[in-house]
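In what follows, a single structure is set out as structure tokens and then discussed.
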Amino acid sequence: MESVRSRAMALAVLCAGTLMIILDGSIVTVALPAMQRDLGFSDAGLTWVVNGYVVAFGGTLLLAGRLGDLLGRRSVFVAGIAVFTIASILCGIAPSPGVLVAARFAQGLGGALSSAVGLGMITTLFAEAGERTRALSAFAFTGAVGASLGQVLGGVLTDALSWHWIFLINLPLGVAAVLAALRYLPSEQGLGFKAGADVLGGALVTAGSMLGVYTIVQTEQNGWGTRTLALGVGALVLLGGFVLRQATASVPLMPLRVLRDQNVWGANLIQLVVLAALFSFQVMVTLYMQNVLRYNASETGLAMLPAAASIAVVSLFAAARLINQFGAKAVLVTGLVLLLAARLLLTRVPVDGHFAVDLLPLMILSGGFGLVMPSLTGLGMSGAKPADAGVVSGVFNTTQQIGAALGVAALSAVATANTAGTSREALTHGYHVAFWAGAGLLTLGIVLSLTVLRRSIPSSAEAPSPAPATENQLANAH
């Protein structure tokens, strides 16, 4: 019984730490105008309050995951939360734009360290497939709801106190998360650097990932011309060099065997496409509500809450049961169909739209995300051996970040290219085209799910057993 309680508390700690990281990704957006006024940001410089975090976070996830395998995942998780918390304080007291952007970069590094090992810890903590599916559903719920709640909290804290407090609030949360992690997360013995540090591989993948994410987030300023093409080619060369290094290194940073499982690489590919559609949806809907319907920041955040509530109900109370009964592939396709229906509704939102009629139905259908993410997460981690759980988690998180960044950049460009003027009618037309593009991506995701993924059978066959030592570690954690 104590082992069950230990696992439950460990899951709560991992979800709480992840929630803090994800909240920070969206809580900043509504406070950007206040930061610009107080610190004197230029328009171009202000984007780096967001982009600095995204580049550091997305660019170091894979390396962070491998560090978890080598040094022990609890140690890396605690270090990540500590770095994130210290960087949050620096953000909150930043006296100048340069300090704030540098601190945001440090936040991204801390967030990558903690996020990259979370899924790996869950795969080793929960041996039985049904338990693991429920744990992954709770973890996915945390991520899905955190992004929506961030916009609400950002608006409330900025209006009631100041923008500084969207960062300073992380101090008590971070301290509590570190203490709880040391108390409840099992102490693991990492493989050690003797198992293979692969410094060259780490340098190649980090540089390639950072350059790739930078290329994507800068497309809003640079467009998709020669400069973007050159940066993209540079990123691909670095990542190609990393793959060659992994194929020839005696002890690779990312053993290529982790991608041999068809469901693993298929889930990562599908996630790349699907999250490109879903994260751009959040951005586009927010812009529609503010620029066309004239909602303020707080009203926009509150309007997104039904989607968060729908996702919460589905992921916590339905996803695990359905996956265990019908298999992850069937549940994934069902969730994608619901999300596609929501996006098709978006293609008809009018200039004078009403929330209850035009937005609430698609917010409810967004509960399909609560089916999609637990299914993808289970499939993406299904081939992870205990020794590779950190790096597989890092790969999964990396494709998530790249998909989100690519989708926002691409669909924002589509909306802009199809907007002739600044009238509400012109803006709505541009958003309609972007929503159609997002629906196309979701359709591609459904096709890939049906053709690439192997049929996943319910329950025990979907989850590999952890190493025997894991249960001993749990028993000795207290």
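Laboratory data are not the source of any read-out in this text; all were calculated from the coordinates shown. On a predicted model such as this, the values are computed, not experimentally measured, just so you know. Here the Cβ is made from the backbone with ideal geometry for all residues, glycine too, and neighbour counts use every protein chain on show.
With θ taken as phi - 60° and the Karplus curve 6.51 cos²θ - 1.76 cosθ + 1.60 applied, the whole-hertz 3J(HN,Hα) list for region 169-180 is 5, 6, 4, x, 5, x, 4, 4, 5, 5, 4, 5 Hz, x standing for glycine and proline. Can you give the net charge of the other residues whose Cβ lies under 13 Å from the Cβ of C91, counting K and R as +1 and D and E as -1? My count for the surroundings of C91 gives -1.
The simple Förster model, with R0 at 30 Å and r as the Cβ-Cβ distance, assigns E425 and A341 a FRET efficiency of 0.75. Taking the Cα centre of each part, how many Å lie between region 4-78 and region 314-338? Their Cα centres are 28 Å away from one another. Over 19 Å apart: what share of the alpha carbon pairs of region 263-414 falls there, rounded to a whole percent? That tail contains 57 percent of the Cα-Cα pairs.
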